[in-house]
Amino acid sequence: MRRSLLLSAAVLVALSSGALAQSRCRVTDPTGTPLNVRTLPAGPIAAKLPNGLLVSILEEADDAKGNPWVHIARYDNGDKLGWVFREFVSCF
């Protein structure tokens, strides 16, 4: 019974973390300009990313105004990039 509970807990953790660490997403800023990457949600701009870049989502958060943000990394090598508006990242 105890082993079954531990296994169930491990599966739940894996499933919940898998929802955040989405394996393959693409930068899709509808404005056509490079996407601003920030050091934290609604923080200072640290870089800009081109549309089409493949990324992975590491975590999600909302800013003080309730806007959704995601912390992303490069899909090809896992380098952390920073925070971007969730609406400008499409996962598939």
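Points to keep in mind about this one:
- Search result, residues across segment 72-83 that are within 8 Å of the chain's Cα centre (by Cα) and either surrounded by fewer than 21 Cβ atoms within 10 Å (Cβ to Cβ) or among the β-branched types (Val, Ile, Thr) (or both): 72, 73
- Selection over segment 23-73 of residues that are at pLDDT below 95 and in contact with a Lys or Arg (Cβ under 9 Å, 6 or more places away or on another chain) gives a count of 2.
- The number of residues in segment 37-53 being surrounded by 11 or more Cβ atoms within 10 Å (Cβ to Cβ) and not aliphatic (A, V, I, L, M) comes to 6.
- For segment 50-91, the tally of residues that are touching an Asp or Glu at 6+ places or on another chain (Cβ under 8 Å), under 13 Å from residue 28 (Cα atoms) and in a strand (DSSP E or B) stands at 1.
The values are calculated or read from the model by the stated rules, or taken from the named source; none is laboratory data. The model shown is predicted, which means the values in this text are computed figures rather than measured ones. Here the Cβ is made from the backbone with ideal geometry for all residues, glycine too, and neighbour counts use every protein chain on show.
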